[in-house]
Amino acid sequence: MHNFITNCKYENDMVIYVNKLVELLYEDLKECCGGMLHIVLDDGNLDDDDIQWCIENCNKPENENKIDKYLCLEIAHKMLQITMKQRRLIYYTSLSFECDLDCNQCVIKQGEENY
């Protein structure tokens, strides 16, 4: 079971929803490596281009019958609608990130000057 961050200023209903979808992917579908979203969910490639690449990969004919296809598509489309900080929150939550409530040292804000 993944730990969900509470009281994080970047968490909202969409982040909670996507975290639950990610939990379904790993636990209910038994994907040990993020399925067709592994470059996003496991490797932390969170840019729009990376997510879009996963969407295109999901939609290839050879992936039509993959069990995780529609769940991965839903996660990817929702991630495109949220901020980079929220994407990082989802990524680090799936890694069992523990929030210490020190927002000044938060890993979610890393590299924010690039976004």
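Conditions first: (1) closer than 25 Å to ASP13 by Cβ; (2) touching a residue at least 12 places away in the same chain (Cβ under 8 Å); (3) out of contact with any Lys or Arg (no Cβ under 6 Å at 6 or more places or on another chain). ASP50 passes all but one, so which condition is the exception?
Of (1) closer than 25 Å to ASP13 by Cβ; (2) touching a residue at least 12 places away in the same chain (Cβ under 8 Å); (3) out of contact with any Lys or Arg (no Cβ under 6 Å at 6 or more places or on another chain), only one is false for ASP50: (2).
Say we look at region 23-80 and pick out the residues that are modelled with pLDDT under 95 and among the basic types (Lys, Arg); which of these is farthest from TYR92 (Cα to Cα)?
Looking at the filtered set, the residue picked out is LYS66.
The values are calculated or read from the model by the stated rules, or taken from the named source; none is laboratory data. The structure displayed is predicted, hence computed values, not measured ones. We place every Cβ from the backbone using ideal geometry, glycine too, and count neighbours over all the protein chains shown.
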